[in-house]
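Asks: Dropping a structure here in structure tokens format, bear with me for questions.
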Amino acid sequence: MKRISWVVFALMLLFALFFVTGSASSLPPLVASHFDPGGYPDAYMHRNSYTKLALALSVGLPVAMVALLAAVYSKARDMRLPNRNYWLAPERIAQTRARLVSSGVWFGSTMTAMACYVHWMELDAHRNVPPHLSNQLFTAGLAAFLLITLGWIFALLRSFRLPRA
């Protein structure tokens, strides 16, 4: 289960890389980069700058987050966890660290998916002249990301319950 999280994360990063670089050329030279509450653009940036930002958010930020979590969790000796005395006992600390790292990798995949969704919304907004962002779809995507994040936190905390005897 731990290895599959890394495989999924790597595949998500590859997808993001190819999706952003492969689709950015369909955007106009001046890309609407911020939208007002009505979904109309109120700020623009050059397509090259937008592409770099989209890659930073869909690949760079998740990689940095996963690297940070992996570095911290793989060496941590003292963490605030439910039932910490049980989970940080010498015979279980390696398993605990691996679970935390794997969980962080899954979160990195979620971050990548959200960034790709935002890029897809950007592409969709530019199918209209003038560009128009669907606030309903953006809000739905953001709500889904927040619910998934809350579910991730809940599942992680729940995984540190004491095992039944």
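Asks: Report, by residue number, each residue of the range 57-82 that is open to solvent by 50 Å² or more (accessible area, probe 1.4 Å) and under 26 Å from Thr21 (Cα atoms).
Replies: Leu57, Leu61, Val63, Ala64, Met65, Ala67, Leu68 - these are the residues of the range 57-82 that are open to solvent by 50 Å² or more (accessible area, probe 1.4 Å) and under 26 Å from Thr21 (Cα atoms).
Asks: If we scan the range 37-54, do we find a residue that is surrounded by 14 or more Cβ atoms within 10 Å (Cβ to Cβ) and in contact with a Lys or Arg (Cβ under 6 Å, 6 or more places away or on another chain)?
Replies: The answer is no, given that none of the residues of the range 37-54 is surrounded by 14 or more Cβ atoms within 10 Å (Cβ to Cβ) and in contact with a Lys or Arg (Cβ under 6 Å, 6 or more places away or on another chain).
Asks: Any residue in the range 88-100 that's closer than 22 Å to Trp152 by Cβ and of a type in the set (Gly, Ala, Ser): show its pairings with residues that are loosely packed, with under 14 Cβ neighbours inside 10 Å and modelled with pLDDT under 90 at Cβ separation under 8 Å, as long as the two are six or more apart or on different chains.
Replies: Ala98/Lys2
So that you can scan it fast, the table gives a plain yes or no per residue for (1) among the aliphatic types (A, V, I, L, M); (2) touching a residue at least 40 places away in the same chain (Cβ under 8 Å); (3) under 30 Å from Asp42 (Cα atoms):
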| site | (1), (2), (3) |
| --- | --- |
| Thr112 | no, yes, yes |
| Asp124 | no, no, yes |
| Asn135 | no, yes, yes |
| Ile153 | yes, no, no |
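Asks: Another one. Can you find, within the range 83-95, the residue that is most open to solvent (accessible area, probe 1.4 Å) among those that are part of a loop (DSSP other than H, G, I, E, B) and closer than 21 Å to Arg164 by Cβ?
Replies: Among those residues, the one meeting the criterion is Glu91.
Asks: Out of all the residues in the range 57-98, which are modelled with pLDDT of 95 or more and not hydrophobic (A, V, I, L, M, F, W, C)?
Replies: Result: Ser58, Gly60, Pro62.
Asks: If a residue must be free of Cβ contacts under 8 Å to residues at least 60 places away in the same chain and open to solvent by less than 40 Å² (accessible area, probe 1.4 Å), how many such residues does the range 23-36 contain?
Replies: Qualifying residue count for the region: 1.
Asks: Of the residues that make up the range 112-121, is at least one at positive phi and open to solvent by 60 Å² or more (accessible area, probe 1.4 Å)? So that I can check it myself, show each step before the final result.
Replies: Here is the first cut: in the range 112-121, the residues at positive phi are none.
Within the range 112-121, none of the residues are at positive phi and open to solvent by 60 Å² or more (accessible area, probe 1.4 Å).
Asks: Restricting to the range 135-158, what's the tally of residues that are under 15 Å from Ala113 (Cα atoms) and small (Gly, Ala, Ser)?
Replies: Residues in the range 135-158 being under 15 Å from Ala113 (Cα atoms) and small (Gly, Ala, Ser): 4 in total.
Asks: Is it the case that the range 58-75 has a residue that's of a type in the set (S, T, N, Q), part of a helix (DSSP H, G or I) and under 18 Å from the mean Cα position of the chain (by Cα)?
Replies: yes
Asks: Are any of the residues in the range 3-20 open to solvent by 90 Å² or more (accessible area, probe 1.4 Å) and over 19 Å from Ala115 (Cα atoms)?
Replies: Yes, the range 3-20 contains at least one residue that is open to solvent by 90 Å² or more (accessible area, probe 1.4 Å) and over 19 Å from Ala115 (Cα atoms).
Asks: For the range 122-140, which positions are assigned to a loop (DSSP other than H, G, I, E, B) and either of a type outside the set (A, V, I, L, M) or open to solvent by less than 40 Å² (accessible area, probe 1.4 Å) (or both)?
Replies: Of the residues in the range 122-140, the ones assigned to a loop (DSSP other than H, G, I, E, B) are 126-134.
Answer for the range 122-140, where residues must be assigned to a loop (DSSP other than H, G, I, E, B) and either of a type outside the set (A, V, I, L, M) or open to solvent by less than 40 Å² (accessible area, probe 1.4 Å) (or both): His126, Arg127, Asn128, Pro130, Pro131, His132, Leu133, Ser134.
The values are calculated or read from the model by the stated rules, or taken from the named source; none is laboratory data. Values in this document were obtained by computation on a predicted structure and should not be read as measured data. Glycine gets a Cβ as well: all are built from the backbone with ideal geometry, and neighbour counts include every protein chain shown. For accessibility, only protein heavy atoms count, side chains too; no ligands or nucleic acids. Shrake-Rupley method; radii C 1.70, N 1.55, O 1.52, S 1.80 Å.
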